[in-house]
Each structure stands twice: as C-alpha cells, then as structure tokens.
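A short write-up of the structure that comes next.
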Amino acid sequence: MSRRALVGLLVLLALAALLPFLLSNYRVFQLTLVLVYAIALLGLNMLTGYNGQVSLGHGAFYAIGAYCAAILMDRWGVPYWATLPVAGAVCLVAGFLFGLPALRLEGLYLALATFALGVSLPQLLKYNHLEEWTGGVQGIVIIKPEAPFGLPVNADQWLYFFTLAVTIAMFVVGRNLLHGRIGRAMVAIRDNPVAAQAMGVNTALYKSLTFGVSAMYTGVAGALGAIAVQFVAPDSFNIFLSLTLLIGIVVGGLASISGAVFGAFFIQFVPNIADAISKAAPWAIFGVFLIVFVYLMPGGIAGAVQMASAKLMRKSSQSETGGAKQPVTPKEVVP
Amino acid sequence: MTRGTMEALMHQVLAGLATGGIYASLALALVMIYQATHLVNFAQGEMAMFCTYIAWSFLNAGFGYLPAFLLTVAFGFVLGVVIERVVIRPVERAPVLSVVVVFIGLLVILNSLAGWIYTYTIKPFPSPFPEALANPLMSPHELGSILVTLVVLTLLFLFFRFTPLGLAMRAAAQNPESSRLVGIRVGWMLALGWGLASAIGAVAGMMIAPVVYLDPNMMGGILLYAFAAALLGGIDSPGGAVFGGFLVGVLENVLGAFVIGNELKLAVALVLIIGVLVVRPSGLFGRVHVSRV
C-alpha cells in the first residue's frame with residue numbers, strides 16, 4: 001500500500017470514528033447497516049468477483065447468520081458479541097457443504113442452484129417443526145445491547161463502534177487473504193480453471209473453501225445486522241435480499257475490496273432516496289443501474305474511482321516535469 | 001389403500017397435471033431460449049407476470065376474454081423480441097456473470113414496473129372456462145388449462161416441424177455459422193425465438209393467474225418449478241421440458257398433500273434442481289454435454 005493510500009485510509013477511519021457524534025441516532029443506525037452490508041458484500045465479492053462463482057442466493061447465508069445470533073441471544077441469553085463467531089462458524093460449514101455440490105456446477109447452473117436456495121429459504125424458515133427455534137412467521141425480537149464499562153455513548157453509537165471494529169478486522173483479514181497466495185489461486189481459478197489446475201492449484205478445495213469463507217463473511221454480517229435491526233423474520237430474507245447483495249457488488253465493483261464499501265453505501269442509501277418517488281421505484285432504479293453498469297461501467301464505482309485517480313496522478317506527474325517529456329504510450333506508437 | 005385415499009390421490013395427481021401443464025409451458029419457454037442462445041432466462045417468470053397484467057388491463061377496458069387473450073399473446077411476442085434486440089443482444093457473448101446480472105436487472109425492472117403501475121394489491125383474475133367442463137374429478141379451470149397447454153404444445157410442434165420459418169429457427173439455433181451461409185438471418189431468428197418464448201410465457205401467466213391470483217411476485221415460486229422441470233427433462237430438450245413440467249406438477253402436489261405438507265413445497269423444487277444438477281446434469285432426455293479442453 002502506498003503512503004498516500006495509507007494516509008487517505010487513516011483520514012477515512014478518523015472520519016468514521018467522528019461521525020456518530022455529529023449525526024442523529026437514526027443516521028448512526030443507517031451507517032451501522034452500511035458497515036454490515038460492507039462485510040456481506042466483501043464475502044459475496046470473494047466468491048463471485050474473485051472466484052467467478054455466481055451466487056444469487058447469498059441472502060440465505062445472511063439469514064442463517066441472523067437466525068444464529070437471534071436464537072442464541074433469545075433462547076440461551078448468549079451475549080451479542082459471542083454470537084458472531086458462532087454465526088460465522090455455522091455459515092462456514094453451511095457454505096462449505098453447499099460448495100461441494102456446487103463444484104460440479106458451472107456458471108449459469110450455479111446461478112440457478114443458488115437462486116433456488118434464495119427463493120426457497122423463507123419457506124424453510126417458516127417450517128412449523130422449526131417454529132420452536134425460529135419463531136415461525138412471527139420471527140424473533142432481540143434486545144439492543146447497551147454500551148459496556150459505562151462508556152459515555154448511547155446504544156446506537158456503541159453498536160456502530162462495535163460494528164466498525166468488526167468490519168475493520170474482517171476487512172484486514174479479507175485483504176490479506178485476497179492479496180496473498182490464496183487470493184491469487186482464487187483469481188486463477190476464475191480466469192482459467194484448467195491452467196490453474198495445471199499450475200498445482202487444488203481447484204476443488206479452493207472453490208469450496210472460497211464458498212465457505214464467503215458464506216462466513218455474509219453470516220457474520222447477518223448476525224450483526226440482526227443485532228442492529230433487533231428483529232429477524234423469514235420474509236425479510238427473501239430472494240430480493242440476495243439480489244440486493246448482487247447489486248451491491250456489481251455497482252460497487254467486482255473483484256475489488258473498496259467496491260464492497262461503495263456498494264454498501266449504494267444499497268443502503270439509494271432505496272431511501274428513491275422511496276420518496278414510489279414504493280416500487282428503488283427496484284426499478286436498481287434494475288436500471290444493474291444493466292447500465294454492465295454495459296458502461298463493468299468495473300463499478302471502485303473501477304471508476306481507480307481510473308479517475310490514475311488520470312489525476314498522471315496529470316500531476318506531468319505538470320511536475322513541466323509537461324516537456326510526455327510519456328509515450330504504446331498506443332501512440334502502434335498505428 | 002382404501003377407496004377414499006385412492007380417490008384423494010387421484011385428485012391430487014390430476015390437479016398436479018393441471019399446474020404441471022403451466023410449469024411445462026414455462027419450462028418450454030426456458031428451453032427455447034436456452035437452445036437458441038445457451039442462456040437461462042431468469043426474467044422469464046416476470047415477463048409472463050407482466051403480460052398477465054396487460055391482459056388484466058385489456059379485460060378491465062371491456063374487451064372480451066378471447067380478444068384480450070390474443071392481444072396479450074401478441075404483446076408478449078413483441079415484448080420478447082424487443083427485449084432480445086435491445087437488452088440481450090449486447091451481452092450475447094459476454095461472460096456468464098454479466099449475462100446473469102442483466103437478466104436479474106430485467107427481472108427487478110419488470111417486477112417493480114408492475115408494482116408501480118398496478119400497485120402491489122392482489123387482484124383476482126378470471127378463468128375463461130365454462131362450467132360445462134366441470135366433472136367429478138377436476139374443476140373446469142384445471143381441465144381447461146391442461147387443454148390449453150396441449151394446444152399450445154401441438155401448435156409449437158407443428159410450427160417447428162412443418163413451416164419453413166420453424167426450420168430456419170431450428171437451423172439458426174443448431175448451427176448459426178452454416179445457417180448464416182445459406183442466407184438465414186440468425187440474429188432475427190433468435191429474436192423470434194425470444195418472442196415465441198415470451199408469448200408462451202404470457203399464456204402460462206394467464207392460466208396460472210386464476211389459481212395464484214395476480215400480484216407482482218406471483219411467478220417467483222412458479223419460475224422455480226419451471227427451472228426444476230426444464231432441468232429434470234434436460235435443458236436442451238423441448239419434449240423433456242414438457243414431460244418434466246407435468247412430472248414436477250404431480251410430484252409437487254402429491255408430496256405436498258401426503259408427505260411433507262404444503263409448507264415445504266418450494267424445497268421440493270430446490271432439492272430437485274440441485275439433485276438433478278449434481279447427479280445427472282443433462283436431465284432425463286438431454287444430450288450429455290462434452291467439452292474439449
């Protein structure tokens with residue numbers, strides 16, 4: 001990471017730490033959800049963006065994480081922070097297991113299978129033999145945690161800081177994972193599975209592991225989301241949740257870590273703005289954005305930002321040399 | 001087995017055949033698009049839903065059922081052609097992810113458009129079939145929708161088997177390069193295929209709407225069964241899709257009534273889809289796909 005990027009990141013973090021003291025509780029709650037979505041999107045991006053396995057059903061893992069947290073807190077009085085590792089572990093296993101048959105499915109077929117998972121999950125959650133645990137159609141209400149150790153912040157602010165800390169930890173781990181050996185293997189499998197295998201990458205293992213880790217991220221996000229919203233019910237985890245996550249990574253930027261954050265802001269705030277027009281407007285806008293981004297901005301917001309900053313850098317380095325020695329790009333050499 | 005349960009089973013099987021016919025139509029629409037472009041149309045259900053709303057508008061404007069039906073089928077055809085030409089064409093050769101994302105975009109646009117124009121209130125939709133079709137085993141609508149499905153399938157078979165246009169469309173789907181060499185306009189054939197698929201979807205929508213009622217999300221579960229049907233029969237086999245549709249309809253009804261209860265009906269589709277994909281990806285009648293690396 002360059003020095004400039006590091007400074008920028010620190011400024012952003014300082015800003016993120018300051019914001020809850022400047023905004024209303026409702027805005028703080030919304031920002032908490034942005035962080036939650038960012039974690040979920042990073043998870044989906046690992047699978048779909050980096051590893052090339054299309055998932056239209058990640059809302060299912062979000063739901064499993066959310067229900068883990070809610071059931072643990074509601075039935076056994078487990079403290080909220082302790083539910084996250086459990087939700088993560090359950091989703092890791094669930095994702096790994098779903099990833100095993102998914103190994104045989106390529107592209108469209110995997111999209112189909114995960115779509116089926118996303119559509120049928122709410123019905124499974126309502127199943128009456130599970131009602132004792134899941135609360136059936138009614139769902140489960142959770143109590144919002146208060147700030148510990150007598151810290152001078154209210155519950156919303158505390159939850160925001162707690163989520164921020166988890167988000168930072170998850171992103172640091174995610175970055176190291178994606179920028180290292182494992183990340184390279186994941187990208188290699190996406191770009192050319194046969195060549196990756198020939199290079200000694202255990203394709204099957206990496207693909208199902210990616211599925212597991214991706215589900216784990218989304219599950220932790222689900223648990224945090226449940227704690228923030230204080231409520232889980234089957235119908236809040238319908239197929240449109242999965243599609244929202246897909247929209248987040250496409251608009252934010254596929255195969256990009258910062259894209260997860262951009263996407264999270266997009267899926268949290270755009271519906272709020274669009275709701276003013278009509279109840280149906282958010283999805284119409286989402287749909288149009290999806291198609292327009294595929295055609296015109298396949299790199300998403302993260303790609304556009306990167307391009308803009310690269311242009312800016314080039315300009316500033318040109319003005320430093322007085323513009324005398326303009327670098328000749330290969331394009332200008334080849335007619 | 002007592003006589004009573006036998007009769008109940010019979011009822012469920014016949015009711016399953018009725019909904020199965022609708023799954024079969026939608027599965028056939030999916031297979032047609034798959035054969036032509038090797039894409040699975042995730043927006044197929046929403047296209048059908050939107051057409052059904054158009055039919056509702058015609059009926060409300062005072063049209064009789066038959067004119068409204070025919071106008072809606074025509075609308076569905078045009079909708080399919082326009083969508084192929086405008087939205088799908090640019091991503092025809094794009095990676096899978098882009099294609100899936102465009103389909104999802106279409107799905108949510110059509111869904112929200114219907115909600116925007118017609119609101120999310122559930123509306124009743126009339127069944128055209130007279131009481132004269134009533135019999136002790138099936139309701140008029142059940143019998144009528146099976147008949148309609150069979151008529152649609154026969155017409156399609158005749159079209160593809162005996163008309164020059166049908167032949168050209170089959171050729172364009174099977175071997176685009178050679179077809180182009182003999183003067184078939186392959187791009188337009190694909191668009192026509194989309195139009196036909198969308199028109200079939202419109203018929204399916206109008207047949208299922210009296211059962212599930214008209215609402216922007218009515219096709220979610222039905223599309224899932226259609227996927228299961230298409231995969232079970234073999235995603236590249238039209239006859240297989242039809243057989244798969246009827247089979248899934250019967251399975252869903254019988255399992256729902258006697259084994260697992262109505263609450264887990266969608267899980268049947270999920271298990272079927274994943275099961276078929278894992279155990280026998282080519283389905284019952286599909287060609288086994290071999291690729292060279």
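The values are calculated or read from the model by the stated rules, or taken from the named source; none is laboratory data. Predicted model only: the values in this text are computed from it and were never measured. We place every Cβ from the backbone using ideal geometry, glycine too, and count neighbours over all the protein chains shown.
Criterion first (modelled with pLDDT under 90 and of a type in the set (Val, Ile, Thr)) does A:VAL78 satisfy it?
Working: modelled with pLDDT under 90: yes; of a type in the set (Val, Ile, Thr): yes.
Judged against the criteria, A:VAL78 is a match.
Remark: pairs (first residue in the stretch B:260-274, farther than 17 Å from A:VAL137 by Cα and among the β-branched types (Val, Ile, Thr); second residue modelled with pLDDT of 80 or more and surrounded by fewer than 17 Cβ atoms within 10 Å (Cβ to Cβ); Cβ separation under 9 Å; 6+ apart in sequence or on different chains) are absent. Checked against the criterion of being free of Cβ contacts under 8 Å to residues at least 24 places away in the same chain and in contact with a Phe, Trp or Tyr (Cβ under 6 Å, 6 or more places away or on another chain), the stretch A:273-281 has at least one qualifying residue.
I'd like to check something: does the stretch B:142-150 contain any residue that is charged (D, E, K, R), closer than 24 Å to B:GLY45 by Cβ and at pLDDT below 90? Looking through the stretch B:142-150, at least one residue is charged (D, E, K, R), closer than 24 Å to B:GLY45 by Cβ and at pLDDT below 90. Return the residues of the stretch A:3-47 that are within 22 Å of A:GLY183 (Cβ to Cβ), more than 21 Å from the chain's Cα centre (by Cα) and not small (Gly, Ala, Ser); say none if nothing qualifies. The one that is within 22 Å of A:GLY183 (Cβ to Cβ), more than 21 Å from the chain's Cα centre (by Cα) and not small (Gly, Ala, Ser): A:LEU6.
Any residue in the stretch A:199-214 that is under 17 Å from A:THR167 (Cα atoms), in contact (Cβ under 8 Å) with a residue 40 or more places away in the chain and touching a helix residue (DSSP H, G or I) at 6+ places or on another chain (Cβ under 9 Å)?
Pass one, the stretch A:199-214, residues under 17 Å from A:THR167 (Cα atoms): A:213-214.
Next cut, in contact (Cβ under 8 Å) with a residue 40 or more places away in the chain only: A:213-214.
If we keep only those that are touching a helix residue (DSSP H, G or I) at 6+ places or on another chain (Cβ under 9 Å) as well, we get A:213-214.
Yes, because at least one residue in the stretch A:199-214 is under 17 Å from A:THR167 (Cα atoms), in contact (Cβ under 8 Å) with a residue 40 or more places away in the chain and touching a helix residue (DSSP H, G or I) at 6+ places or on another chain (Cβ under 9 Å).
Name the single residue, out of those in the stretch B:168-187 being surrounded by 15 or more Cβ atoms within 10 Å (Cβ to Cβ) and aliphatic (A, V, I, L, M), that is modelled with the lowest pLDDT. Among residues in the stretch B:168-187 that are surrounded by 15 or more Cβ atoms within 10 Å (Cβ to Cβ) and aliphatic (A, V, I, L, M), the one modelled with the lowest pLDDT is B:ALA173. Scanning the stretch B:255-269 for residues that are within 19 Å of B:GLU7 (Cα to Cα) and either in contact with a strand residue (DSSP E or B) (Cβ under 7 Å, 6 or more places away or on another chain) or of a type in the set (Gly, Ala, Ser) (or both) yields B:GLY256, B:ALA257, B:GLY261.
Which one of these is under 17 Å from the mean Cα position of the chain (by Cα), within 14 Å of chain B (Cβ to nearest Cβ) and at pLDDT 90 or above: A:LEU254, A:LEU245? Explain how you work it out, then say what you get.
Details: A:LEU254 fails: at pLDDT 90 or above.
Checking each option against the conditions leaves just A:LEU245.
Apart from one condition, B:TYR120 fits all of (1) out of contact with any helix residue (DSSP H, G or I) (no Cβ under 6 Å at 6 or more places or on another chain); (2) part of a helix (DSSP H, G or I); (3) within 14 Å of chain A (Cβ to nearest Cβ); the exception is (2).
Taking the conditions (1) away from chain A (no Cβ under 14 Å); (2) under 28 Å from B:VAL250 (Cα atoms); (3) modelled with pLDDT of 90 or more in turn, B:LEU107 satisfies each one other than (1).
Need the failing condition index for B:LEU137 against (1) part of a helix (DSSP H, G or I); (2) of a type in the set (A, V, I, L, M); (3) touching a residue at least 24 places away in the same chain (Cβ under 8 Å), just the number. Of everything listed in (1) part of a helix (DSSP H, G or I); (2) of a type in the set (A, V, I, L, M); (3) touching a residue at least 24 places away in the same chain (Cβ under 8 Å), B:LEU137 misses just condition (1).
Pick out the one residue from B:THR163, B:THR149 that is more than 22 Å from B:ARG287 (Cα to Cα), among the β-branched types (Val, Ile, Thr) and touching a helix residue (DSSP H, G or I) at 6+ places or on another chain (Cβ under 8 Å). If you could, list the steps in order and put the result at the bottom.
On the way: B:THR163 fails: touching a helix residue (DSSP H, G or I) at 6+ places or on another chain (Cβ under 8 Å).
Of the residues listed, the single one that is more than 22 Å from B:ARG287 (Cα to Cα), among the β-branched types (Val, Ile, Thr) and touching a helix residue (DSSP H, G or I) at 6+ places or on another chain (Cβ under 8 Å) is B:THR149.
The one condition from (1) over 15 Å from B:VAL40 (Cβ atoms); (2) away from every other protein chain (no Cβ under 11 Å); (3) aliphatic (A, V, I, L, M) that B:LEU232 does not meet is (1).
Per-residue answers, yes or no, for (1) under 14 Å from B:PHE103 (Cα atoms); (2) surrounded by fewer than 23 Cβ atoms within 10 Å (Cβ to Cβ); (3) facing chain B (nearest Cβ under 8 Å):
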residue	(1), (2), (3)
A:SER258	no, yes, no
A:PHE265	no, yes, no
A:ASN272	no, yes, no
A:ALA276	no, yes, no
A:ALA281	no, yes, yes
A:ALA284	yes, yes, yes
A:VAL292	yes, yes, no
A:LEU296	no, yes, no
A:GLY300	no, no, no
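Residue-level check: of (1) part of a helix (DSSP H, G or I); (2) farther than 25 Å from A:LEU35 by Cα; (3) at pLDDT below 85; (4) within 14 Å of chain B (Cβ to nearest Cβ), A:GLU332 misses just (4).
With the condition kept exactly as written, say whether any residue in the stretch A:134-157 is within 19 Å of A:ALA40 (Cβ to Cβ), of a type in the set (S, T, N, Q) and in contact with a Leu (Cβ under 8 Å, 6 or more places away or on another chain). Break it down stepwise before answering.
Let us first name the residues in the stretch A:134-157 that are within 19 Å of A:ALA40 (Cβ to Cβ), namely A:142.
When the remaining residues are screened for being of a type in the set (S, T, N, Q), the result is none.
No: zero hits.
Taking the criterion of being within 13 Å of chain B (Cβ to nearest Cβ) and aromatic (Phe, Trp, Tyr), the only residue of the stretch A:224-242 that qualifies is A:PHE240.
Matching residues to (1) in contact (Cβ under 8 Å) with a residue 40 or more places away in the chain; (2) more than 10 Å from chain A (Cβ to nearest Cβ); (3) farther than 26 Å from A:PHE293 by Cβ:
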| residue | (1), (2), (3) |
| --- | --- |
| B:MET32 | yes, yes, yes |
| B:GLN35 | yes, yes, yes |
| B:MET49 | yes, yes, no |
| B:PHE69 | yes, yes, yes |
| B:ILE88 | yes, yes, no |
| B:PRO95 | no, no, no |
| B:SER98 | no, no, no |
| B:VAL102 | no, no, no |
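Within this structure, A:LEU84 fails the test of being over 23 Å from B:LEU97 (Cβ atoms) and surrounded by fewer than 17 Cβ atoms within 10 Å (Cβ to Cβ).
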